[in-house]
Amino acid sequence: MLSTNIRIGNPIYFEILEFLQSEAEVLDSGEFRKWLDMLDQEMHYVMPVRTNRERIRGEGFIGDMYHFEENYASMKKRIERVETEFAWAEDPPSRTRRFISNVRVEQTAEHEFKVKSYLLLTRSRGNEPDYNLVTCVRNDILTRTGQEFKLKTREILIDQTTLGMDNLAVFF
């Protein structure tokens with residue numbers, strides 16, 4: 001199958017947008033077990049390290065160095081850990097809001113969709129008046145089984161070279 005752009009107005013586009021918005025709501029609500037159900041068992045989840053480079057040398061991502069590289073099993077372990085008393089980085093939990101925009105959808109196979117979106121993530125902790133902002137492009141592959149979408153891959157390309165937060169205990 002040749003890839004096909006799915007335009008705004010197409011019912012599939014709105015279903016995928018609903019999936020992304022539901023995912024953001026689930027994560028912002030701290031319902032991580034529910035989020036785990038939205039992930040494909042073969043999931044691959046990466047955030048490459050960004051560096052400053054001249055334009056001629058590319059976008060500035062190091063191909064084999066990651067802030068994190070996860071799969072379904074490691075995500076499940078992270079979520080199980082957050083639910084324990086030993087998850088100091090997230091106890092008390094961060095307060096987050098995810099704002100998703102510029103969603104582009106391409107159908108690459110009968111039940112597979114390449115989805116590009118922008119994410120603005122805000123995060124506040126404790127009683128501090130300051131908050132963290134992270135902006136990024138997310139390159140996802142979603143698979144569809146029946147009426148249900150699952151996140152199969154996510155590549156998170158952050159705009160910052162230096163992250164302005166103490167840890168990466170949040171999900172993107």
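The values are calculated or read from the model by the stated rules, or taken from the named source; none is laboratory data. Note that the structure is predicted; figures quoted are calculated from it, not measured. Reconstructed Cβ throughout: ideal geometry from the backbone, glycine too, with neighbour counts over all protein chains shown.
When the helices (runs of 4 or more DSSP H) confined to the range 1-82 are screened for residues that are in contact with a strand residue (DSSP E or B) (Cβ under 8 Å, 6 or more places away or on another chain) and closer than 23 Å to residue 107 by Cα, those reaching at least 3 such residues are found at 11-28. Evaluating residue 137 against the criteria (1) under 14 Å from residue 153 (Cα atoms); (2) in contact (Cβ under 8 Å) with a residue 24 or more places away in the chain leaves one unmet condition, (2). Taken over the range 33-77, the criterion of being of a type in the set (D, E, K, R), within 23 Å of residue 162 (Cβ to Cβ) and within 15 Å of the chain's Cα centre (by Cα) is satisfied by 69, 70. When the residues of the range 4-32 are narrowed to those that are polar (S, T, N, Q) and surrounded by 12 or more Cβ atoms within 10 Å (Cβ to Cβ), which ends up modelled with the lowest pLDDT? Among those residues, the one meeting the criterion is 4.
A quick yes/no check of all residues on (1) of a type outside the set (Val, Ile, Thr); (2) under 21 Å from residue 144 (Cα atoms):
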position: 64; (1), (2): yes, no
position: 69; (1), (2): yes, no
position: 82; (1), (2): no, no
position: 92; (1), (2): yes, no
position: 99; (1), (2): yes, no
position: 106; (1), (2): yes, yes
position: 114; (1), (2): yes, yes
position: 117; (1), (2): yes, yes
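Does the range 129-138 contain any residue that is of a type in the set (D, E, K, R) and either out of contact with any Asp or Glu (no Cβ under 8 Å at 6 or more places or on another chain) or farther than 19 Å from residue 7 by Cβ (or both)?
Taking the range 129-138 as the starting set, the residues that turn out to be of a type in the set (D, E, K, R) are 130, 138.
Restricting the remaining residues to those that are either out of contact with any Asp or Glu (no Cβ under 8 Å at 6 or more places or on another chain) or farther than 19 Å from residue 7 by Cβ (or both) gives 130, 138.
Yes; the residues of the range 129-138 include at least one that is of a type in the set (D, E, K, R) and either out of contact with any Asp or Glu (no Cβ under 8 Å at 6 or more places or on another chain) or farther than 19 Å from residue 7 by Cβ (or both).
Would you check if there is a residue in the range 112-126 being free of Cβ contacts under 8 Å to residues at least 24 places away in the same chain, out of contact with any helix residue (DSSP H, G or I) (no Cβ under 9 Å at 6 or more places or on another chain) and outside any strand (DSSP E or B)? Looking through the range 112-126, none of the residues is free of Cβ contacts under 8 Å to residues at least 24 places away in the same chain, out of contact with any helix residue (DSSP H, G or I) (no Cβ under 9 Å at 6 or more places or on another chain) and outside any strand (DSSP E or B).
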